[in-house]
Every structure is written in C-alpha cells, then in structure tokens.
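Asker: Pasting in a structure now, in structure tokens, and then I'll have a few things to ask.
The values are calculated or read from the model by the stated rules, or taken from the named source; none is laboratory data. Note that this is a predicted model, so its numbers are computed, not measured. We place every Cβ from the backbone using ideal geometry, glycine too, and count neighbours over all the protein chains shown. Areas reflect the complete protein model, heavy atoms only, side chains present, ligands, DNA and RNA absent. Shrake-Rupley method; radii C 1.70, N 1.55, O 1.52, S 1.80 Å.
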Amino acid sequence: MILVTGGAGFIGSHTCVALAAARRPFLVLDNFDNSRPDVLARVGRINGAEVPFVEGDIRDGALVRRVLKQHGITAVVHFAALKAVGESMAQPLRYYDNNVAGTVALLGAMKECGVRQMVFSSSATVYGDPDTVPVKEDFPFRPANVYGHTKAMVEQMLADLCAAEPDWRVARLRYFNPVGAHESGLIGEDPQGVPNNLMPYVAQVAVGQRAELSVFGNDYPTPDGTGVRDYIHVMDLAEGHVAALDHLDRQPGLLTVNLGTGRPASVLDLVNAFGRACGKPIPYKVVPRRAGDVAEYWADPALARQLLGWQTRRDLDAMCADAWRWQSGRAALAA
Ligand code: NAD
Ligand code: WQD
C-alpha cells in the first residue's frame with residue numbers, strides 16, 4: 001500500500017488517478033490546508049472506487065506512525081508542501097517548518113516503521129537561473145527564493161540519507177511547469193484567490209472571471225520576447241510517479257530526474273494555444289517584468305526516458321484543452 005501525502009492537491013489528485021490505473025493500492029494523507037475533501041470524491045468517480053484518506057498533518061509523528069503501521073505502507077509519494085513563492089519570502093519559518101521539518105518528521109516516522117521508499121516532489125526551481133538550456137540533472141543548485149531553498153534542503157537531506165543508509169529507495173523528481181487537468185474535467189488546478197501562475201490565470205480570463213491577462217514583460221532575450229518555460233501536462237507528470245515507483249521497486253538507492261517535455265513554450269505560445277482550445281482570443285496587455293522571473297528554462301528529459309522508460313505524450317494544445325474543460329465545467333461541478 002502506498003501513502004500519498006498531499007494527495008488531495010493539484011498534482012497529488014491526478015497521481016491518485018494514475019496509481020489506480022496502474023492497479024497500485026494507495027491511501028491519501030492530507031491536512032486540507034490547500035485543498036478540499038470533495039476533490040477525493042471526484043477522484044473516486046474517475047477511478048470507479050472510493051479514495052481512502054486520513055485527514056492529518058505530516059508533522060504529526062504519532063499519527064503518521066499509526067497510519068504507516070495500520071495500513072501496511074511500503075512506499076510514500078510525498079507531495080505535501082506549501083508552494084507559493086511570494087508567500088515563502090514573507091513567511092519563511094512557516095515554509096521551513098512545513099516543507100523541511102515536515103519532511104524530517106515524515107522520514108523519521110518511516111524509518112521507525114521500516115518504510116524506506118519515497119518519491120519526493122522537487123522542482124526545477126532548485127536550478128534557479130541556469131547558465132544554459134536545456135537543463136540537465138547535474139546542473140548546480142541555485143535556488144533564488146525561500147520555497148526553492150526548502151526543496152534544495154530536502155533534496156540534500158535525501159541524498160545524505162541514501163549515502164548513510166544504502167537500503168533506502170528514494171526518487172527526487174524535479175518538475176518543470178505542471179499544467180492542465182484530467183481529461184474528464186472532474187479534477188484540475190484550483191488556486192485560492194488570484195492565481196500566481198500563468199495557466200490558471202489564463203483559464204480564469206477565458207471564462208470571464210478576470211478581464212485580461214498581464215504578460216510580465218516582452219523584452220526578454222527569447223524568440224517573441226516573453227518568458228519561456230517547459231509546461232508539462234499534469235497527467236504525464238502523474239504517470240512519471242508510477243514509473244519512478246516501478247524503478248525504485250527494481251533498484252535501491254537515489255534516483256534524480258527532471259520531469260519535463262523538453263519542448264520550450266513562450267507566454268504567447270500558451271496564450272495562443274488556449275485561444276484555440278476555447279475558441280476565442282485571450283485578451284492580454286504587456287506589463288513590466290515580474291521580479292525574480294527567469295527569461296527561459298526547459299528540461300532535458302533524456303535521463304528520465306532512459307532510466308524510467310517514461311516520456312510525455314500530451315502537447316500544449318492538449319494541456320490547454322483539458323484546462324479549459326476543467327475551468328469551464330467548474331460552476332456545474334460546484335452546484
Ligand atoms: P497543492 O497545494 O495543490 O497540493 C499540496 C497538498 O498538500 C494540498 O492538498 C495540501 O493541503 C497538502 N499539505 C500541505 N502541507 C501539508 C502538511 N503539513 N500535512 C499534510 N498535508 C499537507 O500543490 P501541488 O501543485 O499539487 O504540488 C504538489 C507538490 O509538488 C508540492 O511539494 C510542490 O512543492 C511540488 N511542485 C509543484 C509545482 C507546481 O507548479 N504546482 C512545481 C514543482 C513542484
Ligand atoms: C510562467 C511564465 C511569467 C503569470 C512557478 C514557480 C516554480 C514552480 C512552477 C513550484 C513566466 C509569465 C505568469 C501571469 C505572466 N512551482 N506570467 N503573467 O514562474 O515559471 O514557476 O511555478 O515548484 O517554483 O516559480 O511559473 O506560471 O508563474 O509563470 O506573464 O499572470 O508566465 O512571467 O514567464 P514560473 P508561472
């Protein structure tokens with residue numbers, strides 16, 4: 001049985017669908033700090049089976065030990081974290097406590113209970129502003145904000161643990177920019193308040209919830225002057241976790257891979273693709289650059305393909321079509 005921490009969140013909920021499709025039994029642990037239990041009911045509709053979950057916090061050692069023992073957990077897929085970059089700069093202790101101390105507590109409970117397999121949600125943010133693109137796994141850590149530091153610290157901790165105790169099986173998965181939704185339209189990204197990220201903002205403009213997108217700068221040294229990223233469909237990403245679990249079942253030690261498409265896309269590429277998906281242009285205006293933004297980065301996904309036999313299958317049009325289906329159907333789901 002696999003424990004999915006943060007399984008009610010954006011990436012965790014889609015991974016619950018991928019785990020069910022792979023016939024991997026799982027249990028969700030989430031404190032619903034940034035999600036709601038009804039997400040799991042909708043995951044259950046997709047899977048055709050109720051999603052078992054425990055409401056609780058990864059920092060609650062006694063609870064985690066009980067869950068690990070009672071449910072015969074053999075591996076943990078660890079999504080639970082706070083992820084807002086701006087908020088992390090304003091509330092550093094909250095981020096270090098939840099993301100770093102939370103993972104220390106979780107690993108301690110796992111060790112006590114003899115569970116030594118973890119798939120960890122890291123981020124391309126650990127690379128900061130890379131010297132060259134595409135980004136490879138051996139590029140140096142250069143996190144530029146508190147959130148990024150929490151990811152780099154946990155990555156270091158996991159490497160140290162695997163060096164000290166070679167029977168651990170740990171995957172550090174560095175996600176690029178996860179977007180999109182499950183093709184059913186039943187689950188997707190559900191940010192609270194004004195979205196920080198491009199895709200959910202564009203989706204809210206498309207349904208008329210916001211008037212227009214602000215494009216943060218068109219004077220970058222990129223083909224059309226707007227920022228370039230590696231957007232990855234959340235279901236491709238979810239399937240990467242199943243591939244990582246399979247790999248760890250075969251081989252102990254530390255696995256570190258980028259999960260991206262290797263295909264760069266600009267802000268305007270995404271805006272145009274979304275316009276095609278929803279059948280109308282997305283209104284936007286160009287505003288000054290956002291502080292801390294990098295001009296461009298995208299993944300070299302070759303190592304993940306080689307080690308995991310995994311590669312992305314869904315393109316930018318599919319990401320936008322699925323995000324649009326989710327966003328435009330939300331009102332009906334809430335009713
Ligand atoms: P999310 O906020 O949608 O999901 C995180 C889930 O964890 C939420 O359901 C939240 O309630 C839960 N949670 C948070 N702290 C917890 C705690 N202490 N105990 C129990 N549950 C807790 O975020 P997401 O986008 O699904 O991200 C999942 C993971 O992937 C995070 O670790 C994030 O840092 C990482 N990541 C996300 C992105 C992205 O752009 N979305 C990119 C790279 C890495
Ligand atoms: C993408 C592009 C913006 C919003 C962030 C985190 C990163 C990771 C993923 C977790 C950039 C532009 C955006 C808008 C815009 N999260 N943009 N108008 O910044 O690449 O990465 O999410 O690990 O750590 O930093 O993603 O979606 O915010 O921005 O023009 O309203 O869209 O300038 O070029 P980012 P994003």
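Asker: Filter the strands (runs of 3 or more DSSP E) completely within the stretch 1-90 down to those with at least 3 residues that are away from ligand 2 (no atom under 16 Å from the Cβ) and open to solvent by 10 Å² or more (accessible area, probe 1.4 Å).
Answerer: Filter on the stretch 1-90 gives 53-55.
Asker: Pull out all pairs, ordered by first then second residue, where Cβ-Cβ is under 7 Å, the residues are six or more apart or on different chains, the first lies in the stretch 176-193 and is more than 18 Å from Ala332 (Cα to Cα), and the second is among the β-branched types (Val, Ile, Thr) and more than 15 Å from ligand 2 (Cβ to nearest atom).
Answerer: Here the result reads none, with nothing in the stretch 176-193 linked to a residue that is among the β-branched types (Val, Ile, Thr) and more than 15 Å from ligand 2 (Cβ to nearest atom).
Asker: Among the strands (runs of 3 or more DSSP E) contained in the stretch 118-221, which hold 3 or more residues that are farther than 30 Å from Cys278 by Cβ and more than 13 Å from ligand 2 (Cβ to nearest atom)?
Answerer: Ranges flagged: 169-175.
Asker: Another question, if that's okay. Are there any helices (runs of 4 or more DSSP H) wholly within the stretch 228-315 with 1 or more residues that are aromatic (Phe, Trp, Tyr), at pLDDT 95 or above and in contact with a helix residue (DSSP H, G or I) (Cβ under 9 Å, 6 or more places away or on another chain), and if so which?
Answerer: 267-278
Asker: Let me ask something else about it. Would it be correct to say that Asp322 is assigned to a helix (DSSP H, G or I), buried (at least 18 other Cβ atoms within 10 Å of the Cβ) and in contact with a Leu (Cβ under 7 Å, 6 or more places away or on another chain)?
Answerer: Against the criterion (assigned to a helix (DSSP H, G or I), buried (at least 18 other Cβ atoms within 10 Å of the Cβ) and in contact with a Leu (Cβ under 7 Å, 6 or more places away or on another chain)), Asp322 does not qualify.
Conditions tested, residue by residue: (1) in contact (Cβ under 8 Å) with a residue 60 or more places away in the chain; (2) within 12 Å of ligand 2 (Cβ to nearest atom); (3) over 22 Å from the mean Cα position of the chain (by Cα).
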{"position": "Gln251", "(1), (2), (3)": "yes, no, yes"}
{"position": "Gly260", "(1), (2), (3)": "yes, yes, no"}
{"position": "Tyr284", "(1), (2), (3)": "yes, yes, yes"}
{"position": "Gly292", "(1), (2), (3)": "yes, yes, no"}
{"position": "Tyr297", "(1), (2), (3)": "yes, yes, no"}
{"position": "Trp310", "(1), (2), (3)": "yes, no, no"}
{"position": "Asp317", "(1), (2), (3)": "no, no, no"}
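Asker: Now a separate question. Which residues, taken from the stretch 185-216, are farther than 15 Å from Leu270 by Cα and either within 16 Å of ligand 1 (Cβ to nearest atom) or open to solvent by less than 50 Å² (accessible area, probe 1.4 Å) (or both)?
Answerer: Across the stretch 185-216, the qualifying residues are Gly185, Leu186, Ile187, Gly188, Glu189, Asp190, Pro191, Gln192, Gly193, Val194, Pro195, Asn196.
Asker: Determine, yes or no, whether Val119 is surrounded by fewer than 23 Cβ atoms within 10 Å (Cβ to Cβ) and under 20 Å from the mean Cα position of the chain (by Cα).
Answerer: Spelling it out, it is not the case that Val119 is surrounded by fewer than 23 Cβ atoms within 10 Å (Cβ to Cβ) and under 20 Å from the mean Cα position of the chain (by Cα).
Asker: Looking for something open to solvent by 40 Å² or more (accessible area, probe 1.4 Å) and part of a loop (DSSP other than H, G, I, E, B) - is there at least one such residue anywhere in the stretch 102-109?
Answerer: Among the residues of the stretch 102-109, not one is open to solvent by 40 Å² or more (accessible area, probe 1.4 Å) and part of a loop (DSSP other than H, G, I, E, B), which makes the answer no.
Asker: Right, here's the next one. Restricting attention to the stretch 158-184, which residues are within 17 Å of Lys111 (Cβ to Cβ) and open to solvent by 50 Å² or more (accessible area, probe 1.4 Å)?
Answerer: Asp160, Ala163, Ala164, Pro166, Asp167, Arg169 - these are the residues of the stretch 158-184 that are within 17 Å of Lys111 (Cβ to Cβ) and open to solvent by 50 Å² or more (accessible area, probe 1.4 Å).
Asker: Here is a follow-up. Report whether or not Asp236 is acidic (Asp, Glu), open to solvent by 20 Å² or more (accessible area, probe 1.4 Å) and out of contact with any strand residue (DSSP E or B) (no Cβ under 7 Å at 6 or more places or on another chain).
Answerer: No: the conditions fail for Asp236.
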